[in-house]
Amino acid sequence: MNFYPHFARADYNKRTGKYVPMWQKIARMYPNVKISQIDLDTGNFGQYSPAYVTTNEDWRFAMCELNPMGKSVLTVTGSGDQPIAFAISGAREIDTFDTSYFAKVIMDIKTSAVQTINRTQYSDFVHALYNTNNVYDIPNYEKIVSECPKSSVIAARQMRGCYIFHKGTGVHNEYMPTDFEYDAARQALKKPISFIWSNLSELHTELNKKYDIIYLSNIFEYWHNSKKITNILNELEPFLRDDGTIMLYTSWVQTHMFEIIDAAARKCDWGKTELHTTQNAAMLTMSHTH
């Protein structure tokens, strides 16, 4: 797929610059149409929906449990923090995917920033990303441009006036890198991270190699469909190494979604699920058993 700014800008309010999800457009056009909870949950994500400015996941806990050192990884792009976390943790190879093109843009901007500015400047920069509708208004952005892939620089420029990094509740400072982690990221991130522009349902059609780890963040939280989850896992299984692991879901607390996702995973005959917990997070994984 290619990025088309005309179509992307059509998903943002011309006056406010805020994203208008599909369900909201339908509700305005057809006031009597009932919008389901599933539509509300999934309808907030699209090809041009805003990116999260930081993750809200305890990525340090996830990295400790998954131990990606020297491993190949396919991860959701999200806020760009997930692939950066794998780089910090020594992953040998990192590919990313996301339904939104602006996940790629924020990932490219962040990885370029790591190479260009110091950690304090990076923190200020990320805070500014959430509140801006024009990246050129942010101090140090001009420095970053020279390191950033041109496709993302152009897309960010074409979307001026739109809040393309405004998803979620803002910056989670506790998941920003420490000085040590920032230095590790700077050493690891020497080239742009690859990106597959795809939603999870179609991801298997875009893959052509196997991975040690497939990291799905909390995508299944929005699905509410056990059969669909099972189908996705079976479609991804051919791209998981014999001793590989899929991270199915992670959250601040263990919710009813763990039960739904665990039940869906158990219907697959090739893997074993495991619950990982800490004081502030819970994570469900599925590992190959043959």
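For segment 217-248, a residue qualifies if it is among the β-branched types (Val, Ile, Thr) and more than 20 Å from Phe45 (Cα to Cα), and the qualifying residues are Thr230, Thr245, Ile246. Residues in segment 177-208 that are open to solvent by 70 Å² or more (accessible area, probe 1.4 Å), more than 27 Å from Gln115 (Cα to Cα) and either at pLDDT below 95 or not β-branched (Val, Ile, Thr) (or both): Glu202, Glu206, Asn208.
Name the residues in segment 135-148 that are open to solvent by less than 30 Å² (accessible area, probe 1.4 Å) and either free of Cβ contacts under 8 Å to residues at least 12 places away in the same chain or under 21 Å from Tyr4 (Cβ atoms) (or both), would you? Correct list: Val135, Cys148.
Given the condition closer than 19 Å to Glu57 by Cα, out of contact with any Ser or Thr (no Cβ under 7 Å at 6 or more places or on another chain) and surrounded by fewer than 17 Cβ atoms within 10 Å (Cβ to Cβ), answer yes or no: does some residue in segment 107-115 qualify? No, there is no match, as no residue in segment 107-115 is closer than 19 Å to Glu57 by Cα, out of contact with any Ser or Thr (no Cβ under 7 Å at 6 or more places or on another chain) and surrounded by fewer than 17 Cβ atoms within 10 Å (Cβ to Cβ). Taking every residue in segment 186-210 that is over 18 Å from Gly80 (Cα atoms) and touching a residue at least 24 places away in the same chain (Cβ under 8 Å) and pairing it with any residue that is assigned to a loop (DSSP other than H, G, I, E, B) and open to solvent by less than 60 Å² (accessible area, probe 1.4 Å), at least 6 positions away or on another chain, the pairs with Cβ-Cβ distances below 8 Å are Glu206/Ser198.
Filter segment 268-290 down to the residues that are closer than 22 Å to Lys210 by Cα and open to solvent by 90 Å² or more (accessible area, probe 1.4 Å) and list them by number.
Across segment 268-290, the qualifying residues are Asp269, Lys272, Glu274, His290.
Just checking, which of Phe125, Phe61, Phe102 is over 22 Å from Phe220 (Cβ atoms) and part of a helix (DSSP H, G or I)? Full working, then the answer.
Values: Phe61 fails: over 22 Å from Phe220 (Cβ atoms); Phe102 fails: over 22 Å from Phe220 (Cβ atoms).
Unique residue meeting the criteria: Phe125.
Taking only pairs six or more apart or across chains, which ones have beta-carbon atoms under 6 Å, a first residue in segment 244-260 that is farther than 13 Å from Glu65 by Cβ, and a second residue that is open to solvent by 40 Å² or more (accessible area, probe 1.4 Å)? These pairs meet every condition: Met257/Glu221.
Among the numbered conditions (1) in contact with a Lys or Arg (Cβ under 9 Å, 6 or more places away or on another chain); (2) acidic (Asp, Glu); (3) open to solvent by 30 Å² or more (accessible area, probe 1.4 Å), the only one that Asp243 does not meet is (1).
The values are calculated or read from the model by the stated rules, or taken from the named source; none is laboratory data. Given the structure is predicted, the values throughout are model-derived calculations rather than measurements. Cβ atoms come from the backbone with ideal geometry, glycine included; neighbour counts cover every protein chain shown. Quick note on the areas: whole protein, heavy atoms, side chains included, nothing else; ligands and nucleic acids left out. Shrake-Rupley method; radii C 1.70, N 1.55, O 1.52, S 1.80 Å.
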